[in-house]
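To start, the structure itself, in structure tokens.
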Amino acid sequence: MRTMVLWCPDWSVTAALLEQADTAGSATTDAPVGAEAPAGAEVPAAVLSGNRVLVCNAAARAEGVRRGQRRRDAQARCPEVLLLPASPERDARWFEPVLATVEELRPGVAPIRPGLLAVPAPGRFFARAGVSGEEAAAALLAEHLVGAGVWDCRFGVADDLYAAERAARSAPPQGCEVVAPGESAAYLRDLPVTVLADEGPEGTELADLLRRLGLLRLGDLAALGAGEVANRFGSHGVEVWRRVQGAGVAPLASRTPPPELACEISFEPPLDSAEAAAFSVRTTAERFVAGLAARQLVATGVRIEAEFESSGAGAGPGVSARSWLHPRCFTSRDLVDRVHWQLQAGLASSGLRSRKSFGTPITAPVTVLRLLPEVVEPAGDHAEGLWGGGAEDQVVRGVARVQAMVGYDAVRVPVLQGGRGAADRQALVPWGERPTGLRPVDRPWPGAIPGPAPTRVFAEPHEVEVVDDAGAPIAVTERGMVTGEPVRIRLGRQWCPVAAWAGPWPVDEGWWLGPGAGGRVARFQLVGVDGRAWLLRWEEGGCWWAEAAYD
């Protein structure tokens, strides 16, 4: 049986751009890319791993960005390049709709890696006048993939997987390159050795070695003996030699299509009230949780989609979607609460608005609600212990109940992020959500105060006064020197002598924000004779503030 390979170039970049667009609220469906052009095709973008370019798209390559470049070299070649973090989980998650689309037309899909899959090549069933069955099948798959959102898809057909992948990499967008039966070995022999660079670091090293030895095509490698190849090029060279000889044929490891775990409910007539929709979705939420439990699974991440009637003439239905996370696992009550919060923030006709937008605004009554599991885990990992749940589980249940009563944004937890000041290093995120967009902690922060960290950070800093022995206010010069030694501090109406002090830690921050923003500041640690310790901030202009306190 012959093999057909589907290749989607630069998939890591495509998945990263899609997730970025989805997070920003501009993506309303699960379609990986636009139907007319790939998402962000005109934007130079690259995925980084270890400060080196792992994958870059065609727009970035046109500006000189290449795989393996350092971050600064890529930015020097293309200052406007969009740098994105690497995430194998993200790549696999966005490739799942591609697998499902292909499975609808041709069962037996064998995913190789995100962006690359193989299926048994269809035969004469799809053949039509002047077009072979394999080419017609590739055209049909490309048509469905473009309709589903996958614009850049390329196909290759050959006797074995290796030759089919090489053919797919040579095909044009939405095109197919077919290697005639029995011609796979001859096809591979004509390829240059530079194609081995697509196989990772080992392939790149082997390609460089072959070029230095004067072996410019894979046929030159195939002409060598097996012993010579094993002695000189190692195990990877032997594997490539076997494939070029036509001895690398292996059966495809086809996957079993995953079970359908999503649940949805249709409203007739459509509902324009968040409370009514949340009440109607209770049975669907219970069915969703029961379907997971029947397979010994629980959901820790769920995507909720709400379809609503379009307000424009001739336009399709609108979709408001958002992904929700849970610190333990979702119950039916948790799902109903998330549906209520999402619809309460999005229903325009209900008059209920939130400070935070949960997806695309809903401009018409809701017709369909859909629950889709995004992250599922074995139920045994979340089961209670032999003697019941501990104090931590009781706290989680209590916090979840409070959040259900007071609202999603009303319950927040502090998380640590990078920053110079004490207030800059803390961020508040809704309970149960994964922190995103935080400043990294492991970066150098010039001007940051040394440890230990203060125990209390004031929501609003308190104004204080610090003077020397002559009663003159203390200031900090442009060179970071103090104009005198702090002797007394006034907090409120009382003055307190200073027992010890440390600092300053000066920094010029926020100057890039424009006139009137930022400026020179300096931080001090100060202890009074009464034993109280403070973290103080001096600002250019002579103002002193108490940011935090030490216990």
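The values are calculated or read from the model by the stated rules, or taken from the named source; none is laboratory data. Only a predicted model underlies this, so the values are computations on that prediction, with no experimental measurement involved. Methodologically, a virtual Cβ is constructed for each residue, glycine included, from the backbone with ideal geometry; neighbour enumeration extends over all protein chains shown.
Residues in the stretch 153-191 that are under 12 Å from LEU6 (Cβ atoms), outside any loop (DSSP other than H, G, I, E, B) and of a type in the set (S, T, N, Q): 0 in all. Taking the numbered list (1) among the basic types (Lys, Arg); (2) closer than 30 Å to LEU292 by Cβ; (3) modelled with pLDDT of 85 or more in turn, ARG217 passes all entries but (2).
It is to be established whether one or more residues within the stretch 212-230 are at negative phi, exposed (fewer than 14 other Cβ atoms within 10 Å of the Cβ), under 33 Å from the mean Cα position of the chain (by Cα) and not in a helix (DSSP H, G or I). Within the stretch 212-230, none of the residues are at negative phi, exposed (fewer than 14 other Cβ atoms within 10 Å of the Cβ), under 33 Å from the mean Cα position of the chain (by Cα) and not in a helix (DSSP H, G or I).
The strands (runs of 3 or more DSSP E) falling completely within the stretch 409-498 that include 3 or more residues that are at pLDDT 85 or above map to 456-467, 488-491. Pick out the one residue from CYS78, CYS56 that is within 23 Å of PRO114 (Cα to Cα), surrounded by 14 or more Cβ atoms within 10 Å (Cβ to Cβ) and in contact with a strand residue (DSSP E or B) (Cβ under 9 Å, 6 or more places away or on another chain). It is CYS56.
For GLU509, the conditions (1) surrounded by 14 or more Cβ atoms within 10 Å (Cβ to Cβ); (2) over 24 Å from GLY419 (Cβ atoms); (3) charged (D, E, K, R) all hold with the exception of (2). Of all the listed residues (LEU191, LEU252), the sole one being out of contact with any strand residue (DSSP E or B) (no Cβ under 6 Å at 6 or more places or on another chain) and either closer than 30 Å to SER332 by Cα or of a type outside the set (D, E, K, R) (or both) is LEU191.
Could you tell me whether VAL178 is of a type in the set (Val, Ile, Thr) and at pLDDT 85 or above? In short, yes.
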